[in-house]
1. Could you tell me how many of the residues in the stretch 3-24 are among the hydrophobic types (A, V, I, L, M, F, W, C) and open to solvent by 80 Å² or more (accessible area, probe 1.4 Å)?
2. Within the stretch 56-77, how many residues turn out to be surrounded by 14 or more Cβ atoms within 10 Å (Cβ to Cβ), out of contact with any Lys or Arg (no Cβ under 7 Å at 6 or more places or on another chain) and assigned to a strand (DSSP E or B)?
3. I'm trying to understand the selection: among the residues of the stretch 83-104, which are open to solvent by 40 Å² or more (accessible area, probe 1.4 Å) and over 16 Å from ARG35 (Cβ atoms)?
4. Just to be sure, is ARG27 surrounded by fewer than 14 Cβ atoms within 10 Å (Cβ to Cβ), in contact (Cβ under 8 Å) with a residue 12 or more places away in the chain and either closer than 20 Å to GLY114 by Cα or in contact with a Cys (Cβ under 8 Å, 6 or more places away or on another chain) (or both)?
5. Which one is farthest from THR75 (Cα to Cα) among residues in the stretch 95-109 that are among the aliphatic types (A, V, I, L, M) and under 13 Å from the mean Cα position of the chain (by Cα)?
6. Search the stretch 105-123 for residues being part of a loop (DSSP other than H, G, I, E, B) and among the β-branched types (Val, Ile, Thr), and hand back the single one that is surrounded by the fewest Cβ atoms within 10 Å (Cβ to Cβ).
7. Collect the residues in the stretch 78-105 that are modelled with pLDDT of 95 or more and either β-branched (Val, Ile, Thr) or touching a Lys or Arg at 6+ places or on another chain (Cβ under 6 Å) (or both), keeping them in residue-number order.
Amino acid sequence: QVQLVESGGGLVQAGGSLRLSCAASGRTFSMAWFRQAPGKEREFVAAISRSGGSTVYSDSVKGRFTISRDNAKNTVYLQMNSLKPEDTAVYYCAADRTAFVAPPTTIGGYDYWGQGTQVTVSS
């Protein structure tokens, strides 16, 4: 069983930046970030393959967010720039134990989940 611990959330003004981190207790393959706003379903944000050579983004964050990873530290990052109030949500880290050709973009594609970190963007 792999444990995931997120950090880096907080309160920021619109147009600002935050960097989220997610540390895994063991080896993982694809890793991803999802988010869930109040009253809404959890949605995909970004994913990265184990090698880092393949990344996928939702249309709503493409060009503003960057996902990366450091396998030596078993850590994945999400650099969030040009934040908007609609980015406000709890952000969850996810990891899978299976090697896929491309990183999954659905909740069902991941085996392990973190507890989430709150990101609030004020207008």
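1. 2
2. Looking only at that region, the number is 7.
3. Result: ARG97, THR98, ALA99, PHE100, VAL101, ALA102.
4. Against the criterion (surrounded by fewer than 14 Cβ atoms within 10 Å (Cβ to Cβ), in contact (Cβ under 8 Å) with a residue 12 or more places away in the chain and either closer than 20 Å to GLY114 by Cα or in contact with a Cys (Cβ under 8 Å, 6 or more places away or on another chain) (or both)), ARG27 qualifies.
5. ILE107
6. Result: THR106.
7. Answer for the stretch 78-105, where residues must be modelled with pLDDT of 95 or more and either β-branched (Val, Ile, Thr) or touching a Lys or Arg at 6+ places or on another chain (Cβ under 6 Å) (or both): GLN79, ASN81, SER82, THR88, ALA89, VAL90, TYR91, THR105.
The values are calculated or read from the model by the stated rules, or taken from the named source; none is laboratory data. Fair warning: this is a prediction, and the values are worked out from it, not measured in the lab. FYI the Cβ positions are ideal-geometry reconstructions off the backbone, even for glycines, and counts take in every protein chain you see. These area figures cover heavy atoms from the full protein model, side chains too; ligands, DNA and RNA do not enter into them. Shrake-Rupley method; radii C 1.70, N 1.55, O 1.52, S 1.80 Å.
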